[in-house]
Amino acid sequence: MIDERDEVDIEASKAPLMDHIIELRTRLIRSLIALIVAFLLCFAVAGYIFDFLVLPYDWVIEHLTGGHAHLQFTAPQEFFLTKIEIAFYGGLALSFPVIASQLYMFVAPGLYKHERRAFLPYLIATPVLFILGATLVYFMLPGVLGFFASMQQSGDNGIKIELLPKVSEYLSLILKLIFAFGIVFQLPVVLTLLAQVGLITSDQLRKRRRYAVLIAFVIAAVLTPPDPISQISLAVPTILLYELTIFAVRYVEKRNAKGRDLVVKD
């Protein structure tokens, strides 16, 4: 239901096109400044961030050999570029609240009050779910890395095969897993938004549950390394998120139905 006060607020927020362009430029500049500052901060401590990311691998090596992990870089600029990559993604994560708030402040004046209330939960849920996915990756890494490290050969027969990962390849693996889990964990947000605009229903989601399970394992096989631990670790949370999404979509349907009833009564 659209309140008359909402109409007044939107009318009051109308401005010439040039004013909107100037405001957009201001929002983009603030977001860029936040990203640059966060990038510099993360670059200053990029070595410590990388050490933190290497800890799961170090736990695996310590468990297998009693020693500590050894990584290498084979090009003079490799570790420097790796630090830049760490700083960029870390800066993007740190500055996301500023970027998201600038985006919201730019579009909010053009939304009705009830639309702003509906938009905010998704804005908050997106980074929270991404962090949950990234956290899950961190704690499943010992199992994944242990699977690969177990393929080493001790050299008792004269040939020794030892895992010595490059710093860039190790970071690439970590980032691939983090983004795979982070994106998959957006499933409730995407499906609930589709339900919000009436493109899907909870009944449709229930009927297609078996296909969702199959797709979850296919996506896990594509996005994760070729080992059963990481694939199951991604597929199972995806299925659980799908089940939770059904309840969330059902809640949206009830809320929308209640809103329509109020409109009819008025």
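A few points about this structure:
- Residues of the stretch 204-256 that are assigned to a helix (DSSP H, G or I) and among the polar types (S, T, N, Q): 204, 230, 231, 233, 238, 245, 256.
- Options 187, 173: the member that is closer than 25 Å to residue 81 by Cα and touching a residue at least 12 places away in the same chain (Cβ under 8 Å): 173
- Leading residue by the ranking (farthest from residue 29 (Cα to Cα)) among those in the stretch 55-101 that are within 22 Å of the chain's Cα centre (by Cα) and polar (S, T, N, Q): 82
- Annotation: of all residues in the stretch 56-77 being part of a helix (DSSP H, G or I) and in contact with a Pro (Cβ under 7 Å, 6 or more places away or on another chain), the one that is surrounded by the most Cβ atoms within 10 Å (Cβ to Cβ) is 60.
- Subset of the stretch 18-46 (residues that are in contact (Cβ under 8 Å) with a residue 24 or more places away in the chain and β-branched (Val, Ile, Thr)): 36, 37
- The stretch 95-109 residues that are part of a helix (DSSP H, G or I), paired with ones that are modelled with pLDDT of 85 or more and hydrophobic (A, V, I, L, M, F, W, C) (beta carbon under 6 Å, 6 or more apart): 95/34; 95/35; 95/38; 98/34
- Just so you know, in the stretch 132-164 the residues that are farther than 18 Å from residue 240 by Cβ and of a type in the set (S, T, N, Q) include one that is modelled with the lowest pLDDT, and it is 157.
- Of note, residue 41 satisfies the criterion of being over 19 Å from the mean Cα position of the chain (by Cα), at pLDDT 95 or above and either surrounded by fewer than 18 Cβ atoms within 10 Å (Cβ to Cβ) or among the aliphatic types (A, V, I, L, M) (or both).
- For the stretch 165-202, the set of residues classified as under 30 Å from residue 243 (Cα atoms) and assigned to a loop (DSSP other than H, G, I, E, B) consists of 185, 186, 197, 198, 199, 200, 201, listed by residue number.
- Looking only at residues in the stretch 44-54 that are over 21 Å from the mean Cα position of the chain (by Cα) and in a helix (DSSP H, G or I), the one that is surrounded by the most Cβ atoms within 10 Å (Cβ to Cβ) is 47.
- Sub-8 Å Cβ pairs linking a first residue in the stretch 141-154 that is surrounded by fewer than 18 Cβ atoms within 10 Å (Cβ to Cβ) to a second residue that is in a strand (DSSP E or B) and among the hydroxyl-bearing types (Ser, Thr, Tyr), at least 6 apart or interchain, number zero.
The values are calculated or read from the model by the stated rules, or taken from the named source; none is laboratory data. Given the structure is predicted, the values throughout are model-derived calculations rather than measurements. For neighbour counting, all protein chains shown are included, and Cβ atoms are generated from backbone atoms with ideal geometry for every residue, glycine included.
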